[in-house]
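Inspection log for the structure reproduced underneath, given as structure tokens.
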Amino acid sequence: MCCGGSAWMKLRRGVLRNLPWVALALFAALPATGDTAAFDLSGPRIEMTVTHGGTTLPISEAPNLQAGDRVWIQTDLPADESVHYLLIVGFLQGPTNPPPEKWFTAVETWDKHFRQEGAVITVPRGAQQALALLAPDTGGGLSAVRSAVRSKPGVFVRAARDLNSASVERLRLDTYLNTVKSTSESDPKDLKTRSALAARTLGIKLDQDCFNKPIEQQESCLVQGNEQLLLQDNSQTMVASLTTGPSADLIGAVSSTPIAHSGYYSPYIGSVVDLVRIMGSLHSPNYEYIPALSIPNAEKVSLRLNSPPSFHSPKSVLVVGLPPVDTAHAPEIRAVDPTQQYCLDKSSLVLPVTGAPLAFATHQGHDFFLQIKDKSGKDLKLPATPDAERGGFVIDTSSLKAGELNASLQGTLEGQWGFQGFTGPTFRFQSAQPTNWTVPEAQRAALVAGHEGALDLHSNAAVCVQSVEMQYAVAKPVKVEWSLGKPDELKMTLPLKGETPGPFKLLVAQYGLAIPDAISLRAYADEAKLERFRIHAGDAGGELIGARLDEVASLELNGIKFAPEKTADPTSDGGLLLSASNAQAAETLKPGAQFTAHVTLKDDRVLDLPTTILEARPKVTLVSVSVQNGTAGSFVHLGNSQELPQDGSVVFALKSEAPADFPRTEKIEVATADGSSDVMLSVDHGNLILQDAQSLLATLDPLKAFGPSAFGPLRFRPVSYDGTEGDWQPLATLVRIPMLKEVQCPPTASGSCTLTGENLYLVDAVASDPSFTHPVSVPFGFAATSLTVPRPDGTLLYIKLRDDPATVDTVALPVLPDGQ
């Protein structure tokens, strides 16, 4: 061949025409000349079937031929064509072994008998490849074509292989592009999902950046001139390896383009460029050979040409690759996830697979079915259809009957690959069955009205769930969003925000079952938030710390039941005191022992709370109390030894019980009953004096410690160095005493008397007898210095102090006549 400029331009145009339209950008670095369309010209149509062992298949379902197969072939050409084509079917036996002349059969396509009946050709023994050639009838066509093939068998062996490869790759690309186009038109929002599934099943490499673009731009990004359309399979010969002939220079230019910078071509591009190079080497003065891609559909094969055929010398011979003469090699179809379970009752059941692009792009695999067994062991065959955009085989389960299958079973994908049986992967299945769903107790107890609630349901039937609804009483069911966490787990969030506490049901519907599974649940009120349970060794009760403790009904610890002493305030955070029903048992708990307290709420929920028994609280025993009166109110004689005058003092003796020796760091707290006034007595301050290791004297000056406004019952308790408090014990009643001066009475015995003095408001009532038969009450806010009182019994009056109205005190004052 000449290597001048015209040959270069012709080869260059041929290569460009042989690229698929989706990959034209690969040659963007080269200035285009002529038409750059790629195999977009419709050529003649051929009809073919293959008969093997008494079984006849359309050519689209025959991936291979074998010796002895009968190939029926017929062309579909116009009856009034001006140029007749000679159909030549030839068989090859390898690149270095010219085939016998008898392996070539020529048929005149314009023959009436052929137009009506076609021709049957038997595959000879020893053949390895097959070609069909359509040559314009000029006389001697068979001899010329046969001579060309026999003289260069390796070229035609390579052409047969590459034509088959290019046709198959074209089908893969077309299937993918059709998915992108149809999805973009019907459901653009689903384009990412479907195109990804199609790319996985067809072996297409996607550019994920396309999905970052606006929806309306994603289709063009996915199909135009970008690396994402390169196929992942690199098994085909790359033309970048060619180093001889004029095509090598062109390939070098191609490989420098941005997309092909790494020499990474799709098999389609590689096969097409190889074909152009090979066909270019077969020119003769009478014939040139141009490739024709085969697009089979059942019996019909549509031919696609990259350039119009020439009917002037050199005339164009169309070269069509036929299936190889070889044993069929079924692809290794693999389950995407062999551990995944599927529901056989699902009407739109898809079994995701990978590893077999040809099963989705061609019909070489056919009559697929899923083989399963019913309860009795009988084989059932469910039709299976490959669907690239859904990512696997769609199983037709419409023939299944309710209750026909076991709950768990396996099934195997089977079918035909060409004339041979095909066995694919085995899948795990569940069939819909009424089931008892398991709900984790912790989640069941955590469902709170007014808050969304996370819930996991467990059952082997999870993969068969169709929908989940939540229903309160007779209200309309509410849809619940859910997802499949594991093959036996449903994960969901219950919409409880607007609901009130009470029972409700989850309705779990399964494919193929008319009645949903009903799960009884309860939405609770806001539950108590438990922080800790404080109980000291030796105590018959403890304190529960947390929030919403009004919800607490009881507590159980080591078999001992505790009940609240009073109802907690629901609006405050704090503690709840609980007393043991068996005080003696509670008092035997040892410090440091660890238990789990079970807290029962009023709605029967049970919350667990880790608890450690604390060290025993400090404990002292009151041995004696000595009250020293003050100087004020010397005329008042207190009627109760427990009354402590405000200006007096008290000394009380204590003995340590726990610990046995009184620690010098321990303190005695004295406070009013209402907690408004308190003071800490300590050894360091000198108001605690140790008599010995166990005994001590405590001294309290109430006026100094509390001020003039303190009054009422006083109590004390020990407090350890770390703040642990003992029990409160009563100490005395702090009273304020008025300064009484005298009583003036009239001469007559029946008249009332007048009591004079200061701070008379500290008196609650005055009477002339200890029984208070006719008392005189002192009103609140009384600020006068004199008060009308009954005539004393001699010199005695009886009073009740406002700070201790339960005690009767005696007043001995001089009684003077009125006016003195």
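The values are calculated or read from the model by the stated rules, or taken from the named source; none is laboratory data. Please read all numbers here as calculations on a predicted model, not as lab measurements. Glycine gets a Cβ as well: all are built from the backbone with ideal geometry, and neighbour counts include every protein chain shown. Areas reflect the complete protein model, heavy atoms only, side chains present, ligands, DNA and RNA absent. Shrake-Rupley method; radii C 1.70, N 1.55, O 1.52, S 1.80 Å.
Filter the GluC sites (Glu not before Pro) in the range 547-642 down to the DSSP loop ones having no more than 15 other Cβ atoms within 10 Å, then list what survives.
Of the GluC sites (Glu not before Pro), the ones in loops of the range 547-642 whose Cβ has at most 15 other Cβ atoms within 10 Å are 565, 615.
Among the GluC sites (Glu not before Pro) found in the range 428-471, those both in a DSSP coil and sparsely packed, with 13 or fewer other Cβ atoms within 10 Å of their Cβ, are 452. Projecting the Cα atoms of 504, 525, 483 onto the charge dipole of the range 482-559 (Cβ charges, centred on the Cα centre) puts 483 farthest toward the positive pole. In this structure, the amide hydrogen of residue 628, modeled 1.01 Å from its nitrogen in the peptide plane, lies closer than 5 angstrom to those of 649, 650, 651, counting only residues at least 5 positions away or on a different chain.
Would you mind calculating the gained length between residue 96 and residue 41 on full extension (0.36 nm times residue separation, minus the Cα-Cα distance), in nm to one decimal?
Working: separation 55, 0.36 × 55 = 19.80 nm, distance 3.35 nm.
Contour length minus Cα-Cα distance gives 16.5 nm.
Karplus-based coupling profile of the range 366-379, in residue order and whole Hz: 8, 6, 6, 7, 9, 8, 9, 10, 7, 4, 7, x, 6, 6, with θ = phi - 60° in 6.51 cos²θ - 1.76 cosθ + 1.60 and x standing for Gly or Pro.
Once fully extended, how much extra length lies between residue 774 and residue 187, figured as 0.36 nm per residue of separation less the alpha-carbon to alpha-carbon distance? Let's see the in-between values first.
Working: separation 587, 0.36 × 587 = 211.32 nm, distance 10.01 nm.
In short, 201.3 nm is gained.
Just flag the trypsin sites (Lys or Arg not before Pro) in the range 366-424 sitting in loop per DSSP whose Cβ has no more than 10 other Cβ atoms within 10 Å.
378, 401
Would the range 510-578 count as rounded, prolate or oblate if I go by the C-alpha gyration tensor, calling it rounded below 1.5 in a/c and otherwise prolate when a/b exceeds b/c, oblate otherwise? Present the calculation step by step, with values, prior to reporting the outcome.
On the way: a/c = 3.95, a/b = 2.38, b/c = 1.66.
It is prolate, given that a/c is not under 1.5 and a/b is the larger ratio.
Our summary of shape: the Cα atoms of the range 694-819 have principal axis extents of 68, 26, 25 Å, ordered from largest down, in whole angstrom.
Evaluated at q = 0.14 Å⁻¹, a Debye calculation over the C-alpha positions of the range 47-177 (equal weights, vacuum) places log10 I(q)/I(0) at -0.70. Once you order the gyration tensor axes a ≥ b ≥ c over the Cα atoms, which shape class does the range 470-533 get: rounded for a/c under 1.5, otherwise prolate or oblate by comparing a/b with b/c? In terms of gyration-tensor shape, oblate. The phi-based Karplus calculation (6.51 cos²θ - 1.76 cosθ + 1.60; θ = phi - 60°) puts the 3J(HN,Hα) values of the range 141-147 at x, 4, 4, 5, 5, 4, 5 Hz, whole numbers, x for Gly and Pro. For the range 316-385, the calculated P(r), taken from all Cα-Cα distances in 10 Å bins from zero up to the bin holding the longest distance, is 14, 37, 29, 12, 6, 2, 0 percent. If you sort the three axes of the alpha carbon gyration tensor as a ≥ b ≥ c, you get a/c of 1.5 or more for the range 406-451 and a/b above b/c, which makes it prolate. Taking label points 7 Å from Cα along the Cα-to-Cβ direction, residue 500 and residue 624 give a separation of 6.7 nm.
Summing charges over all other residues whose Cβ lies under 12 Å from the Cβ of residue 807, with Lys and Arg as +1 and Asp and Glu as -1, gives -3.
Using just the alpha carbons, could you tell me how many Å³ per residue the convex hull of the range 359-459 encloses?
Values: hull volume 15.5 nm³, N = 101.
Roughly 154 Å³ of hull volume per residue.
The value of relative contact order for the range 717-820, using C-alpha pairs under 8 Å at least six residues apart, is 27 percent.
Working note: Cα atoms of the range 273-430, range along each principal axis, descending, whole Å: 74, 28, 26.
Rolling a 1.4 Å probe across the protein heavy atoms gives the range 627-691 an accessible surface of 50 Å² per residue. Which of the listed residues, 584, 596, 607, is farthest toward the dipole's positive end in the range 530-624, when Lys, Arg count +1 and Asp, Glu count -1 at the beta-carbon? The listed residue farthest towards the positive side: 584. Extending 7 Å from Cα along the Cβ direction at residue 70 and again at residue 660 yields two label points whose distance is 11.6 nm.
For the range 546-690, a Kirkwood hydrodynamic radius built from all Cα pairs, placed in the Stokes-Einstein relation at 25 °C and 0.890 mPa s, yields a translational diffusion coefficient of 127 µm²/s.
Accessible surface computed residue by residue for the range 396-481, with neighbouring protein chains in place and a 1.4 Å probe, gives 49 Å² per residue.
Label-to-label distance for residue 583 and residue 476 is 6.1 nm, based on points extended 7 Å past Cα in the beta-carbon direction.
The 3J(HN,Hα) values that the Karplus relation (6.51, -1.76, 1.60; θ = phi - 60°) gives for the range 613-626 are, in residue order, 5, 7, 4, 4, 6, x, 9, 10, 10, 7, 8, 7, 9, 10 Hz. Gly and Pro appear as x.
Placing +1 on each Lys and Arg Cβ and -1 on each Asp and Glu Cβ, with no other charges, gives the range 544-699 a dipole about its Cα centre of roughly 300 debye.
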